[in-house]
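Below: one structure, written as structure tokens.
Every number here is computed from the coordinates shown, using simple stated rules; none is lab data. All values derive from a computational prediction rather than experimental measurement. Neighbour counts are summed over all protein chains in view; Cβ atoms, including those assigned to glycine, are modelled from backbone coordinates with ideal geometry.
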């Protein structure tokens, strides 16, 4: 029978070993897993931040069309003369005129000045007649 020599020098003719060091393998594996988890978490955070920003921009920050129309109608009522009708307690329709707010303020101030002037003239007349 022939003997096979198992001399390590004959088996390893300058070729690298097939098995890498286990410590290096574990270190590279753990670092790779940690980097992958960080990358996935960062991607998820960026995705949800983007989605939230888009929802805010497209839905939340957009004013309602009905609200804009209501505000325009109210602004029109405040700045223009208009005729409208109301019903009193007996069911009779009464015609009314709506005046602009600026004109109403002028009328209120003029009425207040007129009543103040009338009160001053009444007081001056009362002092003279005594």
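For the residues 18, 61, what sequence is obtained by ranking on other C-beta atoms within 10 Å, fewest first?
18, 61
Could you give the length gained by full extension between residue 121 and residue 108, i.e. 0.36 nm per residue of separation minus their alpha carbon distance, to one decimal place?
Gain on extension, residue 121 to residue 108, equals 2.7 nm.
Can you pull the one-decimal nm distance between simple spin-label points at residue 40 and residue 80, each 7 Å off the Cα toward Cβ?
6.2 nm
Restricting attention to the alpha-carbon atoms of region 21-62, what are Rg (one decimal) and Dmax (integer), both in Å?
In Å, with Rg to one decimal and Dmax whole: 18.0, 61.
Compute the distribution of all C-alpha to C-alpha distances in region 50-130, in bins of 5 Å from 0, and list the percent of pairs in each, rounded to whole numbers.
Pairs per bin, as whole percents: 3, 11, 9, 10, 10, 10, 10, 8, 8, 8, 5, 3, 2, 2, 1, 1, 0.
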